[in-house]
Amino acid sequence: MDWIRDNEWAQRLIVIGLVVLAGVLLTWIARRLVARFERRVGGTLPPGSRGLKRAHTLAALLSASATVVIWVVVLITVLEQTGVPVGPLLAAAGIGGIALGFGAQTLVRDLVAGFCILLENQYDVGDEIVVAGVEGTVEAITLRTTVLRSLDGGRHVVSNGEVRVSNNRTKLYSRYVFVLPLPYDVDVDRAIEVARGAADLMRTETQWATDMLGPLQVLGVDAFSELSVDVKLYVETRPGRQDAVGRELRRRIMQALVREGIPFPFRPPGTR
């Protein structure tokens, strides 16, 4: 013990060993906490599900970040104990970090935004969303970008840092909102009942029963146009099925109104 007290390098080696041991211990603790976080986010999701993959991605990112931070601190401490002047190194690293920050600030913003999108589960692969003025179905989500496929087949790659507001049309359920134009001389209440009857009949069919989550909802008269009274309605559907249900429902409502002798407003030929 006296030899250790009198030997400066022996003391430094002991400190270095303790620092490395502390780094190993902190890394183990960090990984355990990240694993607990992954289990909490993943929950009881089945293997291979998108939610489980998202939880694994977040856990891997957190684990790598924590490991880097811990061992950078360990490395600086070891260098300081071996007599290497860390002040100039830290200053150089600070200057380099500032330069890199200016050059890669957009990349860092995209990565941080992507992490938040994944953590908050704002949208997932297969969802129909509107972000950064682009509308489409999500094909892929990474930490840096969101890939969308629009209805016309266009593939849009949106940087996550550009996502200020996300509009998810298929989260838990969807709605098909539409307007039913009626002539001014038509009994609006009767026309609404005919539309409801067409929707109720459609809900009894096996093909559409699971897609339609409720009866046709009538919001009421929405506007008075030049030729018609506009009634706004909507139907609630399974996620992503709103367009298919809405198109079929429009067709059936039109046919039901025609059968009941309720005309649609029209502009005679030659008029403006």
Legend entry - Number of the exception - Arg164 against (1) under 30 Å from Val125 (Cβ atoms); (2) not assigned by TED's automatic domain parsing to the domain that holds Thr137: (2)
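Residue-by-condition table, conditions (1) farther than 29 Å from Asn160 by Cβ; (2) in a helix (DSSP H, G or I); (3) modelled with pLDDT of 85 or more; (4) over 41 Å from the mean Cα position of the chain (by Cα):
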{"position": "Ala30", "(1), (2), (3), (4)": "no, yes, yes, no"}
{"position": "Pro47", "(1), (2), (3), (4)": "no, no, no, no"}
{"position": "Ser65", "(1), (2), (3), (4)": "no, yes, no, no"}
{"position": "Val84", "(1), (2), (3), (4)": "yes, no, no, yes"}
{"position": "Ala92", "(1), (2), (3), (4)": "yes, yes, no, no"}
{"position": "Gly96", "(1), (2), (3), (4)": "no, yes, no, no"}
{"position": "Ala113", "(1), (2), (3), (4)": "no, yes, yes, no"}
Legend entry - Close pairs (7 angstrom Cβ cut-off, 6 or more residues apart or separate chains): in the same structural domain as Pro181 (by TED's automatic domain parsing) and among the hydrophobic types (A, V, I, L, M, F, W, C) in region 224-238, part of a strand (DSSP E or B) and buried (at least 19 other Cβ atoms within 10 Å of the Cβ) anywhere: Val229/Leu182; Val231/Leu180; Val231/Leu182; Leu233/Leu180; Val235/Tyr176; Val235/Met212
Legend entry - Positions within region 203-237 being assigned to a helix (DSSP H, G or I) and over 32 Å from the mean Cα position of the chain (by Cα), in sequence order: none
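On the basis of being farther than 30 Å from Glu120 by Cα, out of contact with any strand residue (DSSP E or B) (no Cβ under 9 Å at 6 or more places or on another chain), in a helix (DSSP H, G or I) and at pLDDT 70 or above, does Leu79 make the cut?
Numbers: farther than 30 Å from Glu120 by Cα: yes; out of contact with any strand residue (DSSP E or B) (no Cβ under 9 Å at 6 or more places or on another chain): yes; in a helix (DSSP H, G or I): yes; at pLDDT 70 or above: yes.
So Leu79 passes the test.
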Inset, instruction - Only residues that are over 16 Å from Ala209 (Cα atoms) and among the small types (Gly, Ala, Ser): list them for region 221-271, please. - result: Ala223, Ser225, Ser228, Ala256, Gly261, Gly270
Legend entry - Filter result for the condition that a residue is among the aliphatic types (A, V, I, L, M), more than 28 Å from Leu151 (Cα to Cα) and in contact (Cβ under 8 Å) with a residue 24 or more places away in the chain, over Val179, Val186, Val258: Val186
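Those residues that are among the polar types (S, T, N, Q) and either assigned to a strand (DSSP E or B) or crowded, with 18+ Cβ neighbours inside 10 Å (or both), I need them from region 142-172; list them, please. Walk me through it before giving the result.
Step one: list which residues in region 142-172 are among the polar types (S, T, N, Q), which gives 142, 145-146, 150, 159-160, 166-168, 170.
Correct list: Thr145, Thr146, Ser159, Asn160, Ser166, Asn167, Asn168, Thr170.
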Inset, instruction - Within region 117-141, work out how many residues are assigned to a helix (DSSP H, G or I) and modelled with pLDDT under 85. - result: 3
Inset, instruction - Kindly establish whether Thr237 is loosely packed, with under 13 Cβ neighbours inside 10 Å, over 14 Å from Ala191 (Cβ atoms) and in contact with a Lys or Arg (Cβ under 8 Å, 6 or more places away or on another chain). - result: no
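The values are calculated or read from the model by the stated rules, or taken from the named source; none is laboratory data. Since we're looking at a predicted model, the values are computed, not measured. FYI the Cβ positions are ideal-geometry reconstructions off the backbone, even for glycines, and counts take in every protein chain you see.
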